[in-house]
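Some notes on the structure that comes next.
The values are calculated or read from the model by the stated rules, or taken from the named source; none is laboratory data. All values reported here derive from a predicted model rather than from experimental measurement. Don't worry about glycine lacking a Cβ; one is built from the backbone with ideal geometry, like all the others, and counts go over all protein chains shown.
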Amino acid sequence: MNQLKRDRQFRPLPVPSVELQGLFGDRQNAICDSTAETLLDRCVEAGMLQAIDVTQPSPGVVIPIGPWGGTTQMFWDSDLGKSIETVAYSLYRRPNPKLEARVDEIIDMYEKLQDKDGYLNAWFQRVQPGRRWTNLRDHHELYCAGHLIEGAVAYYQATGKKKLLDIMSRYADYLITVFGHGPGQTPGYCGHEEIELALVKLARVTGEKKYLDLSKFFIDERGTEPHFFTEEAIRDGRSAADFHQKTYEYGQAHLPVREQKKVVGHAVRAMYLYAGMADIATEYNDDTLTSALETLWDDLTTKQMYITGGIGPAAANEGFTDYYDLPNESAYAETCASVGLVFWANRMLGRGPNRRYADIMEQALYNGAMAGLSLDGTRFFYENPLESSGKHHRWIWHHCPCCPPNIARLLASIGSYMYAIADDEIAVHLYGESKARFDLAGASVELTQQTRYPWDGAIHFDLTLDRPTHFALSLRIPEWADGATISINGETLDLAPVLTDGYARIERDWKSGDTVDLSIPLTARKLFANPLVRQDAGRTALMRGPLVYCVEETDNGAGLNGITLSADVSQAKTSEISGLCGAVALDLPVSRDMADWGSALYRTSPPAAKQANARFVPYPFWDNREPGEMLVWVRAGEARGE
């Protein structure tokens, strides 16, 4: 396979440059219809607006302070920031003056709350004003700033209104004076990474390199000695040894980032850090960061990732445990963590298209992340197990409501993850019915995708240009897509010479009216886990295209662990599932245990089995119909006769 130098710089398209239909369009419609307003309503119900409204008394401590010395109430600014970001993307897709007016009121409140020096944080201005910048390790000040910055960038891009962007630019300018190695500055960084990503977005929208430099500073400082968190605790009169999780691995601050080899700690924090590192690697062409990230990528995807793209199996640390420890029913696999993996994978593509990252981005997006939002856009998963006895369901809200706006803002902005642009190249990372607009080499290019992907693998592209232009169009060929074909203007293209890092890189003079047809075979396939994953021994999972499939009780009755899959799954019958956004089911013959066991707990003979049929449905759509059991990893083996 061909390889290109990685000193190129690919940046995602702005969200307003992409229009979506199909599956992603349906998800965005649900966000416009329900989720965006739901997020604001539930933020209001939680008391978040009173917290930032200086015309009202401070609400004080609404959520009690926990043993770690903080409260999830400290994160309210981040919840509002992500909610504003979600609303912004929804407004671009579908104008909603009432919703826009509500956000404008929130922005006015933040303008009045902001200190003269630029500082802005509801908790440390209204509840604990004397504790500003005293516990960066635990108290999420910079994390909150980051989400408000991202919300400001999105709102400006969607509406053209600059007020929140100006507010957060003033805050970022203040941060530049606070953090650094100069006289009176703090050589610190946040315990929960996020500001690093936000500053890159701010730099890209404003053109101000100083914000990139601050992001790079936070990344370069992390984990260096003498350790900032230790010295901070001592200065603050706290024990440097007695803290939440009691290890700097929890926040990936145990080593300088370029020396880290193993993915450890809190899963969301890790993903945000690596995403920020990848952004800085792209902006500064920093091979030292890219090399470290490649090592960490392999560590995660070959030893610590669920087949769904879920990560972080343990609730105790909301993160990683041991290699190959991937329990199914107790899987934590936080929605935010899969969202973060999508962030990281997408940013790894900043140095050039590579399906090593894009395939995982797609897998995590469709399965680990998208499962976190119900099809009607009103209910959410925090944890995403791969097996349920029937008691795991989406909920309305949470005392730490990070996941609802996180999955909503991702799906509402997914167009920017589908496409990227360099000086002389367009990369298509994800497929779906859409229209994207590019400014490339002085020309205006419109690329239209017509497809029913991921239900059908036929993808048709129409190109519209204001003048003929020479550039490369790179189309991802998934690793699982055996037999993929491409034709240009009806002529079949030989893939082998143009395949570069898993992408068909088609460089030529393009003109308006050119067409490209990509065919990706979508056949069902069985996957088996590494034998070291003890929880999946003797079991198999089913995938079709990027989607993981599961069995649900509503289709198959109870006792799903009695199903044994042994058929040739490539011959699975497909049919559309009523009420699930056009989702395709897979119907297969299976062997199934008979209900002949009786009352004995153990006996000398195995259960009798019978031939049956089972319906498998896409994992991201489970728990959208009647409640009941769910199972991804079913037994594998030869069918037993009656």
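Yes or no, residue by residue, for (1) among the hydroxyl-bearing types (Ser, Thr, Tyr); (2) part of a strand (DSSP E or B); (3) closer than 18 Å to Ser487 by Cβ:
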{"residue": "Leu411", "(1), (2), (3)": "no, no, no"}
{"residue": "Ile421", "(1), (2), (3)": "no, yes, no"}
{"residue": "Ala427", "(1), (2), (3)": "no, yes, no"}
{"residue": "Leu430", "(1), (2), (3)": "no, no, no"}
{"residue": "Lys435", "(1), (2), (3)": "no, yes, no"}
{"residue": "Gln449", "(1), (2), (3)": "no, yes, yes"}
{"residue": "Trp455", "(1), (2), (3)": "no, no, no"}
{"residue": "Phe461", "(1), (2), (3)": "no, yes, yes"}
{"residue": "Thr464", "(1), (2), (3)": "yes, yes, no"}
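The condition of being in contact (Cβ under 8 Å) with a residue 60 or more places away in the chain, in contact with a His (Cβ under 8 Å, 6 or more places away or on another chain) and of a type in the set (A, V, I, L, M, F, W, C) holds for Trp510.
Among helices (runs of 4 or more DSSP H) entirely within region 130-196, having at least 3 residues that are under 22 Å from Lys116 (Cβ atoms) and among the hydroxyl-bearing types (Ser, Thr, Tyr) singles out 163-178. In summary, helices (runs of 4 or more DSSP H) completely within region 2-112 and bearing 1 or more residues that are more than 25 Å from the chain's Cα centre (by Cα) occur at 36-46, 48-52.
Residues in region 268-321 that are outside any helix (DSSP H, G or I), of a type in the set (Ser, Thr, Tyr) and buried (at least 18 other Cβ atoms within 10 Å of the Cβ): 2 in all. Go through Thr554, Thr540 for me and flag whichever is farther than 13 Å from Val632 by Cα and in the same structural domain as Val617 (by TED's automatic domain parsing). Only one candidate passes the filter, namely Thr554.
Scanning region 584-632 for residues that are among the acidic types (Asp, Glu), at pLDDT 95 or above and more than 21 Å from Ser388 (Cβ to Cβ) yields a single hit, Asp587. Being modelled with pLDDT of 95 or more, in contact with an Asp or Glu (Cβ under 9 Å, 6 or more places away or on another chain) and under 16 Å from Pro521 (Cβ atoms): is that true of Ile486 here? Considered against the rule, which asks whether it is modelled with pLDDT of 95 or more, in contact with an Asp or Glu (Cβ under 9 Å, 6 or more places away or on another chain) and under 16 Å from Pro521 (Cβ atoms), Ile486 comes out as yes. With respect to the conditions (1) over 18 Å from Ile421 (Cβ atoms); (2) in contact with a helix residue (DSSP H, G or I) (Cβ under 6 Å, 6 or more places away or on another chain); (3) not in a loop (DSSP other than H, G, I, E, B), Gly350 falls short on a single one, namely (1).
Residues that are surrounded by fewer than 17 Cβ atoms within 10 Å (Cβ to Cβ) and among the hydrophobic types (A, V, I, L, M, F, W, C) were ranked within region 507-533; the one that is nearest to His470 (Cα to Cα) is Leu527. Scanning region 542-592 for residues that are under 25 Å from the mean Cα position of the chain (by Cα) and over 15 Å from Asn624 (Cα atoms) turns up Leu542, Met543, Arg544, Gly545, Pro546, Leu547, Val548.
Note on region 228-256: residues that are within 29 Å of Arg170 (Cα to Cα) and out of contact with any helix residue (DSSP H, G or I) (no Cβ under 6 Å at 6 or more places or on another chain) total 7. Answer with yes or no whether Ser17 is within 23 Å of Lys162 (Cβ to Cβ), among the polar types (S, T, N, Q), assigned by TED's automatic domain parsing to the domain that holds Leu175 and crowded, with 21+ Cβ neighbours inside 10 Å. So Ser17 fails the test.
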